[in-house]
Structure formats: C-alpha cells, structure tokens
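This report concerns only the one structure given below.
The values are calculated or read from the model by the stated rules, or taken from the named source; none is laboratory data. Computed from a predicted structure; not experimentally measured. Cβ placement follows ideal geometry from the backbone for every residue including glycine, while neighbour counts extend to all protein chains displayed. What goes into the accessible areas is simple: the full protein's heavy atoms, side chains included, and nothing from ligands, DNA or RNA. Shrake-Rupley method; radii C 1.70, N 1.55, O 1.52, S 1.80 Å.
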Amino acid sequence: MVRITITLLGLLLSLLHGFGQQFSIDSTKLYEKRTLTLEEANIVTSLYHQTGVHSAVTGGIGSEKLTDFANVIDLKLSKTVSPGIKHSYIAEMGVDYYSSASSDQIDYRVSSASSQDVRFYPSVQFKRENGLTGKTIGGNLAFSKEYDYTSFGFGGQFVKLSASKNTEWGIRTNVFLDSYLKFLPTEFRTGLPGRQDRKGQAGSSARNTFDVSIHLAQVLSKRMHVAITSDISYQQGFLSTPFHRVYLSDGSLKLETLPGQRLKLPVSLRGAFFVGEKVVLRPYYRYYMDSWGILSHTFQMEMPIKVSNSFSLAPFYRGYVQKGTKYFAPYKETEASASFFTSDYDLSTFQSHFFGLGIRHTPFKHLLSMFSISEVELRSGYYMRSDGMNAWIVTLHVQFRQL
Amino acid sequence: MKQSFGMNFVQALVYILFTTLLLSSCAGSGIFNRSYLDDADMTLSMRKMEKSEMSFQLYREGSAGATGGKSGGGCGCN
C-alpha cells in the first residue's frame with residue numbers, strides 16, 4: 001500500500017512537470033513592459049540618377065536627366081497594454097530632393113541647367129495586435145507635399161493569423177485625396193491673369209485614388225512559405241500631367257489628355273525558400289492590367305547567400321515587360337482626331353531589366369547602452385529600359401533596436 | 001506469485017495511463033519549427049530597400065500595386 005501510494009505520488013509529480021509548459025507561470029509575462037518604448041528605428045537613404053532621350057515635357061524627345069536624393073526615417077514605438085495585446089505606433093518622415101533637366105523645359109523663357117524641387121511625406125500608423133486571437137487591426141494617415149502636388153491619405157487594415165501561425169490573411173484599404181497644381185508649358189500661358197501668366201499656373205484639379213488589397217500567406221513546409229496579393233485600385237479626376245506636351249502628326253501642339261478614370265488590377269505571387277543552410281530564394285511575380293490598356297509582367301528573383309553568421313550577399317534581378325496604353329504615340333505620331341493622347345514613354349510598350357547586389361551586415365553593436373545597430377545594408381542596382389532610358393540607384397539602410 | 005503479478009499489472013496500467021497524459025502535453029505536430037521561416041531573409045513582405053527602389057519604378061513604369069504598398073495616388077506618379 002505504501003509502495004502504491006509513493007508510486008502514485010511520483011507519477012502525479014511527473015504529470016504536473018509534463019504540463020508545466022502550459023500551466024506554469026511564464027515569468028517573462030510578469031516583466032513585459034507596459035510603458036511606451038522605442039522598439040526600432042530605421043534610416044534609409046538613396047541616390048538615384050537617370051538619363052534618357054524621350055522626355056514627355058518636350059513631347060517625347062529631349063533629355064530625361066534626373067537625380068533624386070531620398071531620405072526616410074521611421075520610428076516604431078510599442079506598448080503591451082495587457083497580456084497578449086500590443087499597441088504599435090509607427091511614425092515615418094521622408095524627404096526627397098530632386099533635380100530634373102526636363103522640368104526646366106516647362107517654361108522655355110527661364111534658362112537654367114535644371115529645375116529642382118523638394119518633396120516631403122510624413123505618415124503615422126497604428127496597429128493593435130492580439131496575440132491570443134491572432135487578429136491585428138490598424139489605421140494610417142499620410143501626407144505628401146511638393147511644389148505642384150499635395151496629397152492627403154488615410155486607410156485601415158485587418159489581419160488574421162491562424163492558431164498554428166501557418167496561415168495569414170488580411171485586407172487593407174487606402175484612400176488618397178490629391179490636388180494637382182497645374183503649371184502649363186510656355187506655349188499655353190497666354191490669356192492667363194497677370195500673376196498666373198508669369199508662373200504659368202492654371203488653377204488646381206483633384207485626383208482621388210481608392211485602393212483595396214487582400215493577401216493570403218501560407219506556410220508550405222518548415223523551409224518555404226508563399227503569399228498571394230491582389231489589389232483593386234480606382235482613380236478618378238485629373239490623371240494627366242499638366243506640363244506634358246504632345247506634338248500631333250499635323251504639326252500642332254496640345255497638352256497631354258488622358259481619361260478621367262482608371263481601374264487597376266494587379267495580382268502577385270511571392271515566395272521564400274530556404275535552400276540548404278546558407279541560401280534563400282525569394283521569387284516574385286506580378287501580373288497587371290488596367291482600363292487604359294496597359295498590361296505588364298514583372299518577375300523578380302533575389303538570392304541572399306549567408307557568407308557568415310553576420311554577413312550575407314544578395315544578388316537580384318528584376319525583369320519587366322509592358323504593353324503600353326492605347327493612348328500613347330511617339331513624337332508627331334498622334335492623330336489629330338484622337339480624344340486622348342500622350343507621348344510619355346513611361347506609358348509606352350517597353351521591356352526593362354534591373355539587376356544588382358546587396359550586402360547585409362548584422363553587427364548588433366551596442367550604442368550608449370540603450371540601442372544596438374541591428375542591421376546595416378547597402379544595395380546597388382542598374383536599370384535599363386528598351387527605349388534607351390538608363391538609371392542607377394544606391395541605397396543604404398541602417399536599423400537600430402532597443403536593447 | 002499471484003499477488004505480486006496482480007500488483008505489477010496495476011502499476012503497469014497506472015504507468016501507461018500517466019505516460020499517455022504526459023505526452024498529450026507536448027505541442028501539436030501541425031506547428032512547424034520556425035527557425036528557417038523566421039529568418040530575416042525569408043520575409044514575404046517588401047524590405048526597406050525594395051520600398052525605396054519601388055519609388056522610382058512607380059514613376060518610370062505604367063503599372064503599380066500588389067507589392068504590399070500602394071497601387072497609386074499619393075504622388076504625381078503613375
């Protein structure tokens with residue numbers, strides 16, 4: 001009897017130990033920070049330069065030389081409000097400085113090598129993540145301002161992660177209420193009121209965009225997962241560029257004129273596969289179609305290779321094929337009877353190749369005993385378009401994490 | 001002998017019962033080991049560098065969207 005009792009007691013203690021992972025007090029939860037803390041900060045800076053000979057400002061001919069220096073900083077703050085419930089706030093500020101040879105050709109009377117402008121674009125985002133139910137809801141506000149373009153944007157999202165964490169689906173919506181200040185080319189400035197004539201302003205027009213995006217991500221094995229994303233985007237309002245010239249076949253000159261509505265339907269498939277112990281494959285494919293007749297295929301492959309525990313190299317290639325809009329025609333090939341027309345080669349039929357290399361280092365170097373540099377990445381790429389436009393871009397990303 | 005056998009059988013039965021309950025406390029086999037999936041290079045969303053590059057693609061190409069970012073609007077791009 002005593003032996004049975006001791007045996008049963010021993011088994012009971014073993015049973016409690018076995019279920020320990022479910023019922024023991026998780027000491028980490030006692031120490032989850034309930035104050036708002038800076039979790040992560042990112043700085044991304046890039047330099048972009050392009051050349052080409054089909055500027056839309058001068059009717060499909062002329063220099064497309066442009067340089068853009070972009071800087072974005074974002075801060076992520078988070079707070080655990082109750083066990084399993086986390087609030088995140090992301091504040092982002094971007095500033096772009098760009099100079100463009102073609103912009104200087106809007107007004108022939110002003111002589112200079114190029115025109116410059118600055119664009120700044122702050123945004124804030126809020127997310128509420130419930131680790132118990134796997135549900136995340138969030139919202140965002142965005143603003144963008146450059147000399148002739150102002151944008152107000154807002155949106156929301158809902159994401160559901162399965163209990164096994166192998167399946168995730170989500171829906172996101174965005175609305176952009178934009179205003180385009182119309183600066184006209186020199187030839188179209190006669191007849192404007194005095195002050196407007198000098199600057200070439202012809203009032204402003206609205207451009208509104210409504211996006212809905214749904215995605216589904218699925219784990220296929222312990223080494224691979226994929227995601228499919230489908231968007232519906234509807235734009236309405238003034239969708240032309242007010243300073244783009246179009247020379248017709250009869251020699252006359254008009255302003256670019258495009259329809260006031262546009263429906264876009266892109267769908268993409270993205271995957272990530274861990275091959276062996278050191279190589280990852282990240283393929284991406286997108287099919288796109290819209291109501292202006294543009295069709296495109298995008299294929300991209302990135303292959304990060306882990307050279308060591310803290311260094312990885314990531315060569316990449318992106319191929320793009322576009323069938324242009326039915327409204328496009330080159331310089332002096334637009335029929336006089338056309339209702340809508342453009343000579344913007346960005347909307348024409350072309351193929352492009354974009355390839356390069358990224359180097360990533362994860363130093364986890366401590367700074368001031370509060371933060372660590374968790375990631376430094378440098379990436380460079382060269383872009384070639386079949387109409388002769390070429391560009392290169394160099395991007396640097398530094399990430400800081402709180403210790 | 002009989003009495004000894006009877007006690008051993010009961011003990012064995014108790015051992016089997018508690019062992020079965022013990023094993024049921026482990027995580028289900030449907031949850032994958034995520035050491036590969038959680039690697040930074042395995043992300044299914046656009047990384048910061050890619051977002052920066054997408055910016056020039058929005059201006060220089062006629063298509064946009066299905067990237068986890070916007071499909072248009074917010075800029076004087078396509």
Next item on the list: Mind listing whichever residues of region B:55-78 are modelled with pLDDT of 85 or more and open to solvent by less than 60 Å² (accessible area, probe 1.4 Å)?
Entry: B:Ser55, B:Phe56, B:Gln57, B:Leu58, B:Arg60, B:Glu61, B:Gly62, B:Ser63, B:Ala64, B:Gly65, B:Ala66, B:Thr67
Notebook entry, point to check: Any chance region A:324-333 includes a residue that's hydrophobic (A, V, I, L, M, F, W, C) and at pLDDT 95 or above?
Noted result: yes
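Filter region B:37-65 down to the residues that are among the polar types (S, T, N, Q) and out of contact with any Ser or Thr (no Cβ under 6 Å at 6 or more places or on another chain), then identify the one that is farthest from A:Phe354 (Cα to Cα). Break it down into steps so the answer makes sense when it comes.
First, pick out the residues of region B:37-65 that are among the polar types (S, T, N, Q): B:43, B:45, B:52, B:55, B:57, B:63.
Remaining after also requiring out of contact with any Ser or Thr (no Cβ under 6 Å at 6 or more places or on another chain): B:43, B:45, B:55, B:57.
Working: B:Thr43: 21, B:Ser45: 19, B:Ser55: 14, B:Gln57: 10 Å.
The selected residue is B:Thr43.
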Checklist line | Scan of region A:305-318 for residues that are under 23 Å from the mean Cα position of the chain (by Cα), open to solvent by 60 Å² or more (accessible area, probe 1.4 Å) and of a type in the set (A, V, I, L, M), ordered by number | finding: A:Leu313
Item checked: Filtered residues of region A:116-132 (kept if closer than 16 Å to B:Gly69 by Cβ and either open to solvent by 70 Å² or more (accessible area, probe 1.4 Å) or polar (S, T, N, Q) (or both)) -> A:Ser123, A:Gln125
Item checked: Sole residue being in a strand (DSSP E or B) and among the small types (Gly, Ala, Ser), chosen from A:Ala142, A:Ala163 -> A:Ala142
Notebook entry, point to check: Can you spot a residue in region A:74-97 that is over 16 Å from the mean Cα position of the chain (by Cα), in a loop (DSSP other than H, G, I, E, B), in contact (Cβ under 8 Å) with a residue 24 or more places away in the chain and under 27 Å from A:Asp178 (Cβ atoms)?
Noted result: no
Next item on the list: Tell me, yes or no, whether region A:133-143 has at least one residue that is within 27 Å of A:Pro242 (Cα to Cα), within 14 Å of another protein chain (Cβ to nearest Cβ) and open to solvent by less than 70 Å² (accessible area, probe 1.4 Å).
Entry: yes
Next item on the list: Select from region A:274-304 the residues that are open to solvent by less than 20 Å² (accessible area, probe 1.4 Å) and on the phi > 0 side of the Ramachandran plot and list them in ascending order.
Entry: none
Check: Given the conditions (1) surrounded by fewer than 17 Cβ atoms within 10 Å (Cβ to Cβ); (2) more than 14 Å from chain B (Cβ to nearest Cβ); (3) in contact (Cβ under 8 Å) with a residue 12 or more places away in the chain, and given that A:Phe341 satisfies all but one, which numbered condition is not satisfied?
Finding: (1)
Notebook entry, point to check: Failed condition for A:Arg360, given (1) more than 14 Å from chain B (Cβ to nearest Cβ); (2) farther than 20 Å from A:Val246 by Cβ, with all others met?
Noted result: (1)
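With the condition being of a type in the set (A, V, I, L, M) and within 21 Å of A:Asp231 (Cα to Cα), I'd like the strands (runs of 3 or more DSSP E) fully within region A:259-366 carrying at least 1 qualifying residues. Steps first, please.
Values: elements: A:261-275, A:279-290, A:295-302, A:311-323, A:350-361.
Qualifying strands (runs of 3 or more DSSP E): A:261-275, A:279-290, A:295-302, A:311-323.
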Note to self: Please go through (1) open to solvent by 20 Å² or more (accessible area, probe 1.4 Å); (2) more than 16 Å from B:Asn78 (Cβ to Cβ); (3) more than 10 Å from chain B (Cβ to nearest Cβ) for A:Leu248 and return the number of the only condition it doesn't satisfy.
What the structure shows: (1)
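Among the residues of region B:25-49, how many are among the hydroxyl-bearing types (Ser, Thr, Tyr), at pLDDT below 85 and open to solvent by less than 70 Å² (accessible area, probe 1.4 Å)?
Kept after step one, since they are among the hydroxyl-bearing types (Ser, Thr, Tyr), are these residues of region B:25-49: B:25, B:29, B:35-36, B:43, B:45.
Still in the list and also at pLDDT below 85: B:25, B:29.
If we keep only those that are open to solvent by less than 70 Å² (accessible area, probe 1.4 Å) too, we end up with B:25.
Residues that pass the stated criteria total 1.
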Note to self: Quick test of your reading of the structure: A:Ser372 fulfils all but one of (1) assigned to a strand (DSSP E or B); (2) surrounded by fewer than 16 Cβ atoms within 10 Å (Cβ to Cβ). Name the failing condition by number.
What the structure shows: (2)
Next item on the list: Any residue in region A:319-333 that's facing chain B (nearest Cβ under 10 Å): show its pairings with residues that are open to solvent by 40 Å² or more (accessible area, probe 1.4 Å) and of a type in the set (Phe, Trp, Tyr) at Cβ separation under 9 Å, as long as the two are six or more apart or on different chains.
Entry: A:Tyr320/A:Phe299; A:Thr325/A:Phe340
Note to self: As an exercise: evaluate B:Ser52 against (1) modelled with pLDDT under 90; (2) part of a loop (DSSP other than H, G, I, E, B); (3) buried (at least 21 other Cβ atoms within 10 Å of the Cβ); (4) out of contact with any Pro (no Cβ under 6 Å at 6 or more places or on another chain) and give the number of the one condition it does not meet.
What the structure shows: (2)
Notebook entry, point to check: Given the conditions (1) aromatic (Phe, Trp, Tyr); (2) open to solvent by 30 Å² or more (accessible area, probe 1.4 Å); (3) facing chain B (nearest Cβ under 9 Å), which single one is not true for A:Tyr180?
Noted result: (2)
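Go through region A:200-234 and count every residue that is hydrophobic (A, V, I, L, M, F, W, C), under 30 Å from A:Asp107 (Cβ atoms) and open to solvent by less than 40 Å² (accessible area, probe 1.4 Å). Quick ask: steps written out before the conclusion?
Of the residues in region A:200-234, the ones hydrophobic (A, V, I, L, M, F, W, C) are A:202, A:206, A:210, A:212, A:214, A:216-217, A:219-220, A:224, A:226-228, A:232.
If we keep only those that are under 30 Å from A:Asp107 (Cβ atoms) too, we end up with A:202, A:206.
With the extra rule that they be open to solvent by less than 40 Å² (accessible area, probe 1.4 Å), the set shrinks to A:202.
Total satisfying the criteria: 1.
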